[in-house]
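Derivation of every value follows stated rules applied to the coordinates shown; laboratory data play no part. Since we're looking at a predicted model, the values are computed, not measured. Here the Cβ is made from the backbone with ideal geometry for all residues, glycine too, and neighbour counts use every protein chain on show.
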C-alpha cells in the first residue's frame with residue numbers, strides 16, 4: 001500500500017510536466033482550438049445551424065491543412081475540442 005502511494009506521488013509531477021510539454025508543442029493549434037471552442041460556446045444553436053455547410057474562412061482552411069498533414073497535431077486538436085463541441089451540438093439537437 002505504501003509503495004502504491006509513493007508510485008502515485010511520483011507519477012503526478014511527471015504527468016503534470018508531460019501535459020505542459022504537450023500544450024507547448026503546438027501553440028498555434030492551441031490558439032485555433034481555443035477559438036473554435038469559444039465560437040461554439042458563444043454561438044446560439046440557430047447560428048450553428050446557419051453556419052453548418054458553409055465554406056470555412058481561409059485561416060481555418062490553412063489550419064485544417066496543417067492538421068491533415070500532422071496526425072499528432074490533429075489528435076491533440078481533437079482531444080482538446082471534442083468535449084466542448086459535442087456538448088454544444090447535443091444541446092442544439094445536432095447529434096442524438
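Summary of computed values
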{"item": "FRET efficiency, residue 49 to residue 78 (Cβ-Cβ, R0 30 Å, nearest 0.05)", "result": "0.85"}
{"item": "Amide N proximity, the stretch 25-42 versus residue 58 label position 7 Å along Cα-to-Cβ, cut-off under 19 Å", "result": "32"}
{"item": "Mean-position separation - Cα centroids, the stretch 38-78 and the stretch 79-96, in angstrom", "result": "13"}
{"item": "Bins of 5 Å from zero: percent of alpha-carbon pairs in the stretch 26-91", "result": "3, 16, 26, 27, 19, 8, 1"}
{"item": "Relative contact order of the stretch 26-91, defined on C-alpha pairs under 8 angstrom at six or more residues apart (%)", "result": "58"}
